[in-house]
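Working notes, structure below.
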Amino acid sequence: FIPCVAPGYNDLRVRPWNAENKRPREDGAYYDRMWTAAIDSGATLVAVTSFNEWHEGTQIETAVPFASSRDGILPYEDYAPHPPSFYLDR
């Protein structure tokens, strides 16, 4: 068994019908709970989903605010008010 952690999940940019599977980041609290559960499981390995899947909102790489100039396009999530490396520095 290898548990998998993620900072949240939001793929509505590419799958607008998939709102049921959205998992808000909760200002880092969701990520922290997933890590706690993974560690508590006793597993010797933990997988991270993912480093840079921007279209799913699972990125943990350095992020800065960005919004498309096209109407109807959802902005990518950044980590404001936290620094761009918020998830990497945890």
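The values are calculated or read from the model by the stated rules, or taken from the named source; none is laboratory data. Since the model is a prediction, treat every value here as computed from it, not as a measurement. Here Cβ is always computed from backbone atoms with ideal geometry, including for glycine, and neighbour counts include all displayed protein chains. The protein model used for the area step is the full one, side chains on, heavy atoms only, and it has no ligands, DNA or RNA in it. Shrake-Rupley method; radii C 1.70, N 1.55, O 1.52, S 1.80 Å.
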Inset, instruction - Would you please list the contacts, defined by Cβ atoms under 6 Å and residues six or more apart or on different chains, that run from a residue in segment 20-40 that is closer than 18 Å to Ser50 by Cβ and open to solvent by 80 Å² or more (accessible area, probe 1.4 Å) to a residue that is part of a loop (DSSP other than H, G, I, E, B) and modelled with pLDDT under 95? - result: Lys22/Asn10; Arg23/Gly8
Inset, instruction - May I ask you to list the residues in segment 8-52 that are over 19 Å from Asp78 (Cα atoms) and in contact with a helix residue (DSSP H, G or I) (Cβ under 6 Å, 6 or more places away or on another chain)? - result: Val46
Inset, instruction - Please enumerate the residues belonging to segment 52-75 that are open to solvent by 50 Å² or more (accessible area, probe 1.4 Å), among the hydroxyl-bearing types (Ser, Thr, Tyr) and modelled with pLDDT of 75 or more. - result: Thr62
Inset, instruction - Inspect all residues belonging to segment 34-48 and state whether any of them is under 18 Å from Arg90 (Cβ atoms), in contact with a His (Cβ under 8 Å, 6 or more places away or on another chain) and not polar (S, T, N, Q). - result: no
Legend entry - Selected residue (criterion: farthest from Glu61 (Cα to Cα)) from residues of segment 30-51 that are modelled with pLDDT of 95 or more and of a type in the set (A, V, I, L, M): Ala43
